[in-house]
Amino acid sequence: MTARRRLLRLASLAAALATWQLLTSLDVNLWLRFEQFPTVGEVASTFADRATTGPYWQDLGFSLRRIVTGFVLASVLGVAAGTAIARSRLAADLLGPVLEVLRPIPAIALVPVAILLFPSNEQGIVFITCAAAFFPVLVSTRHAVSALSPVWEEAVLTMGGNRARILFSVVLPGALPGIFGGLSVGIGVSWICVISAEMISGEYGVGYRTWQDYTVVDYPGVFVGMATIGALGWLTSTAVELTGRRLTRWLPTRTTPAPRVPASRSPASPDGDSRPTVSPHPEPRSRDSSATGSPGPGLHPVGSPADGPPA
């Protein structure tokens, strides 16, 4: 990334913060009401106070642990199930209908199920996080594997490769761009659901602390929690994208197209008109005897007058 792009992104964030500070400091109350919103300075002061305390970092650690655990489980299960459904008719018939019925159910709606199934809230929150990221990974993997050309598989079979070699040398590497697209979506959905689950049934975590601040009408604390969630989500999404770029370095990158070479032209005439180059003394065009049936210049058929009378 160039320095110009970095400056542009920083300027975008600075403009957003300046707009927020202006609207809240002036207590703008049009259709949207900003008089109860904390200013940027109040939120920054609250964040500085909390960043020096242990509970803030403890909540952050709980949320990160839940996200990492649930997301890793969802990645492994989603890639495995998506690959199996795309390559096996039996797996598609057995797993496809069940998963398609479960897929439209929001992960946050599984909170009652998690409370009934798991003995602790911690395991239930990890389950909800895993369920949130599982389906984006599953769908993206299934489509990416199905879109692969069979030519590469046939080439491996021709060289004596088995099914395991095809899977790990052709299918998974070829589907990696689509898989990481699903992983990028899944990590964002995971943060939405883990924060919601912490608000409903959690004991620790950023979502739990944000909800507690709301119940005691500590609005600067609420915005500190929101900013923390946004920063953590951005960091984890960036980590997933960077990992995907590193693992798919073999993909062609966007390059600047080669400049077009203009056609050869003669020097411009005095009136500014440029015309193709034409030789003032064109050479005589030789005639190919094989094409026209007549001899070329300097060649005469036997018995012609140029040869003179026969001896």
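The values are calculated or read from the model by the stated rules, or taken from the named source; none is laboratory data. Nothing here was measured: the structure is a model prediction, and the numbers come from that model. Neighbour counts run over all protein chains shown; Cβ positions are idealised from the backbone, glycine included. Accessible surface areas use protein heavy atoms only, side chains included; no ligands, DNA or RNA. Shrake-Rupley method; radii C 1.70, N 1.55, O 1.52, S 1.80 Å.
Odds and ends about this structure:
- Annotation: Phe34 carries an accessible surface of approximately 40 Å², with a 1.4 Å probe and no ligand, DNA or RNA atoms counted.
- Of the residues Asp27, Asp218, the one with the largest accessible area comes first in the ranking Asp27, Asp218, computed with a 1.4 Å probe on protein heavy atoms.
- Sites listed here are GluC sites (Glu not before Pro) in the range 137-233 whose DSSP assignment is loop and whose Cβ has at most 12 other Cβ atoms within 10 Å: Glu203.
- Across the protein chains, with a 1.4 Å probe defining accessible surface, the residues Ser140, Ser149 rank Ser149, Ser140 from largest area downward.
- Estimated FRET transfer efficiency when R0 is 22 angstrom, pair Gln21-Ala51 (beta carbons, to 0.05): 0.60
- With all pairs of separate Cα atoms included, the range 108-252 yields a Kirkwood hydrodynamic radius of 17.7 Å.
- Judged by the ratio a/c of the largest to the smallest principal axis of the C-alpha gyration tensor, the range 1-132 counts as prolate, that ratio being 1.5 or greater while a/b is larger than b/c.
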